[in-house]
Amino acid sequence: MLVWRFKGGIHPPTKKLAKDSKIENLKPSKTYSLFVAQNSGNPPKLIVQVGSEVKTGQKIAEADGFVSVPLHSPVTGKVIEIKKEKHPVTGRPADIVVIERTSDDEWVKLSAKPYTEYTPEEIKKRVAEAGIVGLGGATFPTHVKLSPSKKVDTVILNGAECEPYLTIDQRMMVEYAEEICKGGIAIAKSVGATKIFVGIEENKPDAIESMKKAGSAFGIEVVVLPTKYPQGSEKHLIYAITKKQVPSGGLPMDVGVVVDNVSTARAIYRALEFGEPLIERGLTLTGEGVKNQKNVFARIGTPISDLLDYAEVTSESGRVILGGPMTGVAVESIQMGISKGTSGITVLPEEIVKKPAETNCIRCYRCVEACPTQLEPYLLYKMFKKKMFNEMKEAHLMDCIECGSCAYVCPANIDHVKAFKTAKLVVRTLGRR
């Protein structure tokens, strides 16, 4: 298959330090700290209180509307605290449930049957009941993706994993290729698609081989993609594989496509076949400050400190980032629990991550050349400084995918992404008035 290169993008060092580390199961923690808001859209509503006894997989928060998913207890234990702390992504106070583990797992699972026996509507319902969101990091409720308002004929499983350092999707494809393929079949059935592709960057030969071997039995085609950041962006992945271009302000379904991360596909299969709600996820423990590079399965809410201890990371090792260095966020407290969207924990020495002071834009246009969505970041930033939010919207601010390519190449050390995230929030707020 002919693979099309997209305009823009960058080539940061890939640093896949944990690519040969098999996925290990993290031992249980003493306590688990769960943000109630773990999906984009409406956060679920708590249905437990301090003192409530809970079992593994038991629902502790109900979905609040269609664009919302429930939250389940990761362990058998007792709710010992409900509090508010600053959310690392939004920066706003958010509810946290703290659960103390009191015994081995006593499971509350969903009903199960062979994944091939579910109807399309049953698949969507089960995905919603299991609290599944996009595990690539976006955390958009997956059942909403599986309910397109337009005809879909193609499913793309995203195994590009272009973010530097992160390798959990690569290891998932190497170790759980068949389960990913079965999840892909279920996704296609739910939306009525007839074609399934897996997009994988060429720097993951072991994952390519594994997925080709497993996919051949299911009629799933593997597409090898050029290694370029941000190749894993939905719109760029769709263009690379189908040459269909999602319109400005549009969605993948506008061109007949649904895209799901490979780890999400596996979670869907596990929810169907075994009735497992989403209470754990795979993630990478990596970075220049990590002694033992690891890929692990960890329960949602596991304290970051426990994961750092497992990888033998000391407090002097550097800055702790949820995710990778391009799109991740630095954490202020390592006592915080991981969330459904935590694809990795990257630890980097301060001399690597500390940015020099911002200086004036010199209009070198490197940001324009690097932008994969053909925006003019320097101009958008100039508008931001003047609080010209309506003009930013007209200049296609909302098409920004927040990949950080502009900031990466900027000789003036301008943090475009931080500004654009703020501007998007203002535009959405103004739009709701």
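The values are calculated or read from the model by the stated rules, or taken from the named source; none is laboratory data. All values derive from a computational prediction rather than experimental measurement. Because the Cβ atoms are built from the backbone with ideal geometry, glycine has one as well, and the counts that use them run over all protein chains shown.
When the range 85-102 is filtered for residues that are more than 22 Å from the chain's Cα centre (by Cα) and either acidic (D, E) or part of a loop (DSSP other than H, G, I, E, B) (or both), the ones remaining, listed by number, are E100, T102. Step by step: first the residues of the range 178-191, then only those that are in contact with a Pro (Cβ under 7 Å, 6 or more places away or on another chain) and not β-branched (V, I, T), then the one that is surrounded by the fewest Cβ atoms within 10 Å (Cβ to Cβ). Which residue is that? Once the filter is applied, the top-ranked residue is K189. Return yes or no: is E221 farther than 20 Å from V133 by Cα, among the acidic types (D, E) and either modelled with pLDDT under 95 or touching a Leu at 6+ places or on another chain (Cβ under 6 Å) (or both)? It is false that E221 is farther than 20 Å from V133 by Cα, among the acidic types (D, E) and either modelled with pLDDT under 95 or touching a Leu at 6+ places or on another chain (Cβ under 6 Å) (or both). The set of residues in the range 36-65 that are buried (at least 22 other Cβ atoms within 10 Å of the Cβ), in contact with a His (Cβ under 6 Å, 6 or more places away or on another chain) and in a strand (DSSP E or B) is empty. Residues that are charged (D, E, K, R) and buried (at least 23 other Cβ atoms within 10 Å of the Cβ) were ranked within the range 249-280; the one that is farthest from the chain's Cα centre (by Cα) is R266. Just one of the numbered conditions (1) within 23 Å of L71 (Cα to Cα); (2) in contact with a strand residue (DSSP E or B) (Cβ under 7 Å, 6 or more places away or on another chain) is not true of I241: (1). Specify which of the listed residues (V152, V79, V144) is assigned to a loop (DSSP other than H, G, I, E, B) and buried (at least 18 other Cβ atoms within 10 Å of the Cβ). Among V152, V79, V144, only V152 is assigned to a loop (DSSP other than H, G, I, E, B) and buried (at least 18 other Cβ atoms within 10 Å of the Cβ).
Given (1) among the polar types (S, T, N, Q); (2) at pLDDT 95 or above; (3) in contact with a Lys or Arg (Cβ under 9 Å, 6 or more places away or on another chain), identify the lone condition not met by T14. If we test T14 against (1) among the polar types (S, T, N, Q); (2) at pLDDT 95 or above; (3) in contact with a Lys or Arg (Cβ under 9 Å, 6 or more places away or on another chain), just (3) comes out false.
Evaluate the following for S248: is it under 15 Å from D169 (Cβ atoms) and touching a residue at least 60 places away in the same chain (Cβ under 8 Å)?
For S248, the condition - under 15 Å from D169 (Cβ atoms) and touching a residue at least 60 places away in the same chain (Cβ under 8 Å) - is not met.
A single entry from G137, G131 fulfils the requirement of being assigned by TED's automatic domain parsing to the domain that holds K244, assigned to a loop (DSSP other than H, G, I, E, B), on the phi > 0 side of the Ramachandran plot and surrounded by fewer than 24 Cβ atoms within 10 Å (Cβ to Cβ): G137.
The listed residues are V368, V427, V417, and the only one of them that is over 29 Å from L166 (Cα atoms) and under 27 Å from the mean Cα position of the chain (by Cα) turns out to be V427. If only residues of the range 27-54 that are in contact with a helix residue (DSSP H, G or I) (Cβ under 9 Å, 6 or more places away or on another chain) and at pLDDT 95 or above are counted, the one that is farthest from A128 (Cα to Cα) is K30. Restricted to helices (runs of 4 or more DSSP H) entirely inside the range 374-426, no element has at least 2 residues that are touching a Gly at 6+ places or on another chain (Cβ under 6 Å) and crowded, with 20+ Cβ neighbours inside 10 Å. Cβ separations smaller than 7 Å between residues 6+ apart or across chains give the following pairs from the range 176-190 residues that are more than 14 Å from E122 (Cα to Cα) and touching a residue at least 60 places away in the same chain (Cβ under 8 Å) to residues that are surrounded by fewer than 22 Cβ atoms within 10 Å (Cβ to Cβ) and hydroxyl-bearing (S, T, Y): K182/Y115. Taking the conditions (1) of a type outside the set (G, A, S); (2) over 22 Å from K421 (Cβ atoms); (3) not in a loop (DSSP other than H, G, I, E, B) in turn, D105 satisfies each one other than (3). Given the structure, is Q335 of a type outside the set (A, V, I, L, M, F, W, C), under 23 Å from T90 (Cβ atoms) and in contact (Cβ under 8 Å) with a residue 60 or more places away in the chain? Yes: the conditions hold for Q335. Residues that are surrounded by 19 or more Cβ atoms within 10 Å (Cβ to Cβ), aliphatic (A, V, I, L, M) and within 30 Å of Q49 (Cβ to Cβ) within the range 99-128 comprise I99, V127, A128, listed in sequence order.
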